[in-house]
Number of protein chains: 2
Amino acid sequence: MRLARVDTPNGPRPAVQAADGWHIVDDLLAPDPVETGEVVALDATLLAPVEPRVVVGIAHNKALREHVLPIQAWLKSTRTVIGPGVPIAARRDLGQVNIEGELAVVIGRPAWRVSIEDAFDVVLGYTIANDVTSMDRVPIDERNFEPKAGRGYTPLGPWIETEVADPEAIDMLVRVNGELRAASNTARLQSTVAESIAYATSWLELDAGDVIMTGAPATFVPVEPGDLIELDFPGIGTLSNPVAEERS
Amino acid sequence: MRLARVDTPNGPRPAVQAADGWHIVDDLLAPDPVETGEVVALDATLLAPVEPRVVVGIAHNKALREHVLPIQAWLKSTRTVIGPGVPIAARRDLGQVNIEGELAVVIGRPAWRVSIEDAFDVVLGYTIANDVTSMDRVPIDERNFEPKAGRGYTPLGPWIETEVADPEAIDMLVRVNGELRAASNTARLQSTVAESIAYATSWLELDAGDVIMTGAPATFVPVEPGDLIELDFPGIGTLSNPVAEERS
């Protein structure tokens, strides 16, 4: 099942995808969302599928054998979250900007000190996150605040896929202006998706709608204003955003 | 003017303090909140005065001459925010737990790349934050995730005071079980309140309801389960919370 937030004449509304359109529901995060009877066309504008209260990033989680640092986490501002198609405002005044394609876990229920074995029990579904980063600030700010705080630095979407056979084996294709620039798989993550959920919730209580960005297994690419980014994760969807330039 | 969120039979409601009680309003963050006509007793239970989308902590901001590190910032989970009187669930399994009394800036409008000179223009008012920290994780996790993520680790309140003559000269008294354990003033912060607002918004766009914790100028004290903490900031109010122990 695909869950989304669609832009309607009445404002943003949660919806479930069906063959004839997006069926508006009362609450995307409810155990059983109730359809209101309204249907919106399948080509409606999609917004970020959740408005998380917390976005957790998993640190050092690159491809296998690229590093040996233990797992860590950090928080990204929820105000950097944007939906599909919305421009990323690249801070070119801060040097190189990278996009990072990451599998995003959407939490579905209260999650506190969850074991690796039970990790998937707290998951509502999966979407795609683009963890945009001003790379030249990374070595300067070990707290990850300066590199990760730009406007539009967290594209999220296009929807939440609740039926994912194996989140530990998701293909991840990164295209820039139509050209394939990276091809990886969540199986290459040094810390698994389940380990990341267990680690994050061993310190921080999460709840429905929160997001864990699980890391970039060689899915990062330097970009420039004018580029069009497509994160194509077969079985989940494609998240596409243009890169603009921060000017204000 | 004091702005609060009060617990009512109809759920949490925003309110403005008057001589005869808390006057319920439509929207605490509106430029001119409209009173609904309902009045709640002055001794009503107060909740955290805002539900911030972002809580920014200012790093290294201790007392003058205690350190020479440049200003940094980090994000604290909004899910750690609790109201006055709610127990802090101290993670004693992680070693020493400190409370930290801090002046909390509540942002009132979109705030992006604000100059030091204009910093106070984006402020709605001030409240008190207790930036509870598991100290033994600080040297282990330079990203500040592990030390700062415990349940109830960010008491906030008791209300937002909008009329503060000089936020750079707020007395800060920390009492534990009635005994004065620290006495300081925001004038002792190495980075000023205005500098902290300018720094945070130079990287991250904030908006109404967001909170900046400005740092602890020698206002940190080790605590134990069973302690009662009072952060008494004359001119703003007193934030009081008991310390319990995380057990789950």
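Nothing in this text is a laboratory measurement; each read-out follows from the coordinates by a stated rule. Because the structure is a prediction, the values reported are computed rather than measured. Here Cβ is always computed from backbone atoms with ideal geometry, including for glycine, and neighbour counts include all displayed protein chains.
With Cβ to Cβ distances under 9 Å as the rule, what net charge do the other residues near A:Met172 carry (K, R +1; D, E -1)?
-2
Is there a quick way to get the dipole size of the protein assembly as shown? I mean about its Cα centre, with the Cβ of Lys and Arg at +1 and of Asp and Glu at -1; what is the value in debye to the nearest 20?
Details: 40 positive and 74 negative charges, 199 e Å.
Dipole magnitude for the protein assembly as shown comes out near 960 debye.
Once you average over the residues of B:68-75, how many Cβ atoms of partner chains fall within 10 Å of each Cβ?
That works out to 4 on average.
Once amide H atoms are placed 1.01 Å from N in the peptide plane, what residues at a sequence separation of 5 or more from B:Gln190, or on another chain, have their amide H within under 5 Å of its amide H?
B:Lys62, B:Leu64
Given H placed on each backbone N at 1.01 Å, which residues far from B:Ile170 in sequence or on other chains put an amide H within less than 5 Å of it?
The answer is B:Thr186, B:Ala187.
Per-residue Cβ counts within 10 Å, from other chains only, averaged over A:51-62: what number is that?
Mean shielding by partner chains, rounded to a whole number: 2.
Among B:Glu195, A:Glu146, what is the fewest-to-most ranking by other Cβ atoms within 10 Å?
Ranked by crowding around the Cβ, least crowded first: B:Glu195, A:Glu146.
Going by the alpha-carbon gyration tensor, a ≥ b ≥ c the square roots of its eigenvalues, is the protein assembly as shown rounded (a/c under 1.5) or, if a/c is not under 1.5, prolate (a/b greater than b/c) versus oblate?
prolate
Using a Cα distance threshold of under 20 Å, what count of lysine pairs results for the protein assembly as shown when pairs must be 8 or more residues apart or interchain?
The number of close lysine pairs in the protein assembly as shown is 10.
For A:Asp131, B:Asp93, A:Asp118, A:Asp141, what ranking results if the residue with the fewest other Cβ atoms within 10 Å of its Cβ goes first?
Least crowded to most crowded, the residues run B:Asp93, A:Asp118, A:Asp141, A:Asp131.
Please rank A:Leu94, B:Leu69, fewest neighbouring Cβ atoms within 10 Å first, as an exposure proxy. Display every interim value, and only then the final one.
Details: A:Leu94 17, B:Leu69 11.
Result, fewest neighbours first: B:Leu69, A:Leu94.
Count the DSSP beta bridges whose two residues both fall in segment B:16-170, then state the antiparallel fraction as a percent rounded to the nearest 5.
90 percent
Projected onto the charge dipole of segment B:49-245 (+1 at Lys/Arg Cβ, -1 at Asp/Glu Cβ, origin at the Cα centre), which of B:Asn61, B:Thr133, B:Ala169 gives the Cα projection farthest towards the positive end?
Comparing the listed Cα positions along the dipole, B:Thr133 ranks first.
Cα atoms only: what Rg and Dmax, in Å, come out for segment A:50-245?
Spelled out, the Cα radius of gyration and Dmax of segment A:50-245 are 15.2, 44 Å.
Taking a point 7 Å out from Cα toward Cβ as the label site, list the nm distances between B:Pro12 and the same residue in every other copy, smallest first.
Distances between equivalent label points, in nm: 1.8.
Roughly how crowded by other chains is peptide B:144-156, in terms of the mean Cβ count from those chains within 10 Å of each of its Cβ atoms?
4
Per residue of the protein assembly as shown, what 222 nm ellipticity follows from adding -39500 (n - 2.57) for every DSSP H run with n ≥ 4, rounded to the nearest 500?
Numbers: 2 runs with 22 residues, N = 496.
Theoretical 222 nm ellipticity from helices: -1500 deg cm²/dmol.
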